[in-house]
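Values in this text are rule-based calculations from the coordinates and carry no lab data. Here the structure is a predicted model, which means the values were calculated and not measured. When we count neighbours, we look across all protein chains shown, and the Cβ atoms used for this are built from the backbone with ideal geometry, even at glycine.
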């Protein structure tokens, strides 16, 4: 405050000081002494690398769904639940956005512009390259999976382009099937500036309660589906693609919101709690072990519960543990791993089309390159294309659309914010 009175701070710096002062001193005289938004926030490259492994898990799931990887065993169990990688993206997204924007002076408009610049260029590119396959399948063939899109083609195209497809369960998987999660993320980004203000008022106990409540809410929704069976199906799994209420539980933004809220709560807990790297290994091992157990028992765990909510706390533990940056995560900080993490968004958006082109024989209709070497080469192709798209399409478009970055650091530290990871 003395610097303000002496006129030694700029207008932006004055606003930052006053903002941080207001965040620490709440109405009613209560002071959050455990909350320091002015502390330096280093980049977290290990979390960027984590995004690659989450995307790779989804790739393995689709390799199995395409009947390309059919070998039984522990790897089969792990790949069979690759869809849960999207839940990791949602938790990670909430955590990183809080880590990046909490206590920063950025307007709602600036935030939305930055998110649009980060998400939409690669998303639009994925729609353009997959459009021929989608429209040929809808217009030329009578495939049950595309029946809703065939009947509502204009609506389906509008929803996909405008990132609204997840709001209508039959439309969630049209065009580029994996893009439903971007529709969900767009809703998260819409709410985030307002949720941020609400979470800033919470104490650590309230944040823990918010995280637990978020998990219980999403468990209750998926559990209600299992109990009531509104689609009238005795058994559902990842091959059940046209069940209305199952798709609502799996894809609807309101149903998936609690996972994002849990990530936000963990992000604030991380910022308000003194780092203890001794907790990193137990958190990471606990999270990974939970995923392994879920994969092993995936055939007896109700699919709707496992798909949507069950492992969110495990993912929160993994994210928190890696964010503590113990020395043994240095392997995730190397530049090749971080580059793969940066390219994971393009990897996620494009892998289904690339794998289909590579593995399916257009003449005989069968599957080719099913050897271990052929599968590995297919994955290398996917990663290479993703890196190229990231370097020459995604990043240049993001810089152009984002313009001048206005997420300003606290004046006391001069520490620049990290670029938030994309889910």
Label residue 234 and residue 331 with points 7 Å out from Cα along Cα→Cβ: what is the distance between them in nm?
-> 4.7 nm
Full-stretch length increase - residue 205, residue 368 - with 0.36 nm per residue and alpha-carbon distance subtracted | 53.2 nm
The Cα extents of the range 218-314 along the principal axes, largest first and rounded to whole Å, are 50, 29, 19
To the nearest 10 degrees, how steeply does helix 372-389 sit against the main Cα axis of the chain, on a 0 to 90 scale?
-> 50 degrees
For the pair residue 244 and residue 384, the simple spin-label estimate (label points 7 Å beyond Cα toward Cβ) gives in nm 4.7 nm
Estimated inter-spin distance, residue 194 and residue 299, nm [label 7 Å along Cα→Cβ] = 4.7 nm
Across 10 Å bins from 0, what is the distribution of all Cα-Cα pair distances for the range 118-272, in whole percents?
-> 10, 32, 30, 20, 6, 1
Where q = 0.14 Å⁻¹, what log10 of I(q)/I(0) comes from the Debye formula for the range 160-230, counting one point per Cα?
-> -0.66
What angle do you read, to the nearest 10 degrees and between 0 and 90, between the alpha-carbon axis of helix 204-228 and the longest principal axis of the chain?
-> 20 degrees
Percentage, to the nearest whole number, of Cα pairs in the range 196-255 over 16 Å apart = 55 percent
For q = 0.17, 0.27 Å⁻¹, what log10 I(q)/I(0) does the range 290-346 give under the Debye formula with an equal point scatterer on each alpha carbon and no solvent?
-> -0.77, -1.01
Kirkwood Rh in Å, taken over all unlike Cα pairs in the range 320-367 = 13.5 Å
A convex hull over the alpha carbons of the chain yields, per residue, a volume in Å³ of 155 Å³
Take the alpha carbon atoms of the range 99-156, find their center, do the same for the range 65-85, and report the distance between the two centers in whole angstrom.
-> 26 Å
By how many nm would the segment from residue 227 to residue 140 grow when fully extended, if each residue of separation counts as 0.36 nm and the alpha-carbon distance is taken off?
-> 27.4 nm
Please report the relative contact order for the chain, taking Cα pairs under 8 Å with a sequence separation of at least 6, and give it as a percent rounded to a whole number.
-> 31 percent
Quick one: in the range 220-261, what % of C-alpha pairs are over 16 Å apart?
-> 33 percent
By how many degrees, 0 to 90 and rounded to 10, does the Cα axis of helix 344-359 deviate from the longest principal axis of the chain?
-> 10 degrees
Over all alpha-carbon pairs of the range 281-375, lay out the pair-distance distribution in 10 Å bins, whole %, shortest bin first.
-> 13, 24, 35, 23, 4, 0
Grab the beta carbon distance between residue 65 and residue 152, set R0 = 30 Å, and tell me the FRET efficiency rounded to 0.05.
-> 0.75
For the pair residue 74 and residue 131, what calculated FRET efficiency results from E = 1/(1 + (r/R0)^6), where r is the Cβ-Cβ distance and R0 = 41 Å, to the nearest 0.05?
-> 0.60
For peptides 335-342, 78-85, 115-122, 277-284, sequence by mean Cβ density within 10 Å, most packed first | 78-85, 115-122, 335-342, 277-284
Add -39500 (n - 2.57) for each DSSP H run of 4 or more in the chain, then divide by its residues: what number comes out at 222 nm, to the nearest 500 deg cm²/dmol?
-> -20500 deg cm²/dmol
Between residue 277 and residue 216, what is the FRET efficiency for a Förster distance of 45 Å, r being their Cβ-Cβ separation, to the nearest 0.05?
-> 0.90
